[in-house]
1. Within segment 29-56, which residues are in contact with a Gly (Cβ under 9 Å, 6 or more places away or on another chain), within 15 Å of Thr101 (Cβ to Cβ) and β-branched (Val, Ile, Thr)?
2. Which residues, taken from segment 1-41, are under 21 Å from Ala93 (Cβ atoms) and of a type in the set (Phe, Trp, Tyr)?
3. Somewhere in segment 24-33, is a residue touching a Cys at 6+ places or on another chain (Cβ under 8 Å), more than 21 Å from Arg115 (Cα to Cα) and not β-branched (Val, Ile, Thr)?
4. Looking only at segment 4-20, which residues are closer than 20 Å to Arg115 by Cβ and either in contact with a helix residue (DSSP H, G or I) (Cβ under 6 Å, 6 or more places away or on another chain) or part of a loop (DSSP other than H, G, I, E, B) (or both)?
5. Quick check on segment 19-41. Is at least one of its residues in contact with a Lys or Arg (Cβ under 6 Å, 6 or more places away or on another chain) and hydroxyl-bearing (Ser, Thr, Tyr)?
6. Out of the residues in segment 30-44 that are within 14 Å of Val79 (Cβ to Cβ) and either acidic (Asp, Glu) or modelled with pLDDT under 95 (or both), state the one that is farthest from the chain's Cα centre (by Cα).
7. From the set of residues in segment 61-81 that are surrounded by fewer than 14 Cβ atoms within 10 Å (Cβ to Cβ) and touching a residue at least 12 places away in the same chain (Cβ under 8 Å), which is farthest from the chain's Cα centre (by Cα)?
Amino acid sequence: MTERNVLGGELQECGRDPVTGFTRTGWCIATEEDLGNHSVCAVMTSDFLEHQRRVGNDLVTPRPEWMFPGLQPGDRWCVVAVRWLQAVQDGRAAPVVLAATHERALEVVPLQLLRDHAVDVPDDPGSLLDR
């Protein structure tokens with residue numbers, strides 16, 4: 001079975017440098033084991049990283065025991081949907097790669113918010129309308 005993105009298309013890879021995803025495969029596949037719902041493929045910004053640190057989610061400090069390298073601006077990372085939504089509400093959202101954001105993000109984040117912060121344009125831009 002093919003994993004789907006928030007636009008209903010085939011999920012694309014989020015990033016391999018560093019390797020992201022709850023299972024560290026490069027994909028934001030939100031499995032049942034992923035209770036945090038790491039489904040939003042976000043492009044890190046200084047503002048977002050600082051916001052996350054302030055709310056207790058340090059994404060900068062490496063944590064080798066979790067295969068976590070520490071992030072810097074420009075990195076793509078599968079972030080927890082609730083954490084991303086919190087950043088939106090605080091005016092500190094990171095840009096989102098819709099094609100690489102798992103459909104499970106829609107359990108938490110309205111599609112319009114994701115669209116509002118999108119940095120990718122799908123092959124069929126019409127899919128961004130009225131969804």
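1. Scanning segment 29-56 gives Ile29, Val43.
2. Answer for segment 1-41, where residues must be under 21 Å from Ala93 (Cβ atoms) and of a type in the set (Phe, Trp, Tyr): just Phe22.
3. Yes, segment 24-33 has at least one match.
4. Step one: of segment 4-20, the residues closer than 20 Å to Arg115 by Cβ are 4-12, 14.
Within segment 4-20, Arg4, Asn5, Val6, Leu7, Gly8, Gly9, Leu11, Gln12, Cys14 meet the criteria.
5. yes
6. We begin by selecting, within segment 30-44, every residue within 14 Å of Val79 (Cβ to Cβ); these are 30, 34, 36-44.
When the remaining residues are screened for being either acidic (Asp, Glu) or modelled with pLDDT under 95 (or both), the result is 30, 34, 36.
Numbers: Ala30: 11, Asp34: 14, Gly36: 12 Å.
Out of the qualifying residues, it is Asp34.
7. In the first step, residues of segment 61-81 are kept if they are surrounded by fewer than 14 Cβ atoms within 10 Å (Cβ to Cβ); the result is 61-67, 72-74.
With touching a residue at least 12 places away in the same chain (Cβ under 8 Å) added as a condition, the list becomes 67, 72-74.
Details: Met67: 17, Gln72: 15, Pro73: 14, Gly74: 13 Å.
Per the stated criteria, the residue is Met67.
The values are calculated or read from the model by the stated rules, or taken from the named source; none is laboratory data. It should be emphasised that the depicted structure is a prediction, and the values quoted were computed from it without experimental measurement. Methodologically, a virtual Cβ is constructed for each residue, glycine included, from the backbone with ideal geometry; neighbour enumeration extends over all protein chains shown.
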